[in-house]
Amino acid sequence: MFDDLPRRIVDTGRLANPLNHRIFAVVLAVLVVLCVIATATRSSLLTLAPIPLYLLGAFGLWQVRRTSAPPRLLGWWVVLLSGTLGGFWLMGFIANALDR
């Protein structure tokens, strides 16, 4: 029962369905577009700060798609999630700072 559990977890992390990759890529693209739009609406270049983190997340997504070794897959998942979540947090932090 638990013999194939690690294999199933790794297989889930591979995002075997190409639709999952597209969804992640679209979400990252939408977040970048929101940062660019916020630059025009808030009149501040500070709102472009999360874009490098989103690009790091996109690079992690690209590597997740290409990687076959489980330890590397975990590392690229960490890059993908930390870039995306870090950029999302930074976007909220900057928006809060500009509202004050």
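What to note about this one:
- A Förster distance of 25 Å, applied to the separation of the beta-carbon atoms of residue 23 and residue 100, puts the FRET efficiency at 0.15.
- Remark: the chain carries a charge dipole of roughly 180 debye about the Cα centre, counting +1 on each Lys and Arg Cβ and -1 on each Asp and Glu Cβ.
- With a Förster radius of 30 Å applied to the C-beta separation of residue 49 and residue 4, the computed FRET efficiency comes to 0.10.
- Helical content of the chain, expressed as a calculated mean residue ellipticity at 222 nm, amounts to -27500 deg cm²/dmol (DSSP H runs of 4 or more residues, -39,500 (n - 2.57) each, divided by residue number, nearest 500).
- If a spin label sat at a point 7 angstrom from the Cα of residue 41 along the line to its beta carbon, the backbone N atoms of region 70-91 nearer than 16 Å would be those of 91.
No value in this document is a laboratory result; all are computed from the given coordinates. Keep in mind the model is a prediction, meaning the values are calculated, not measured. Note: ideal-geometry Cβ built from the backbone for every residue, glycine included; neighbour counts use all protein chains shown.
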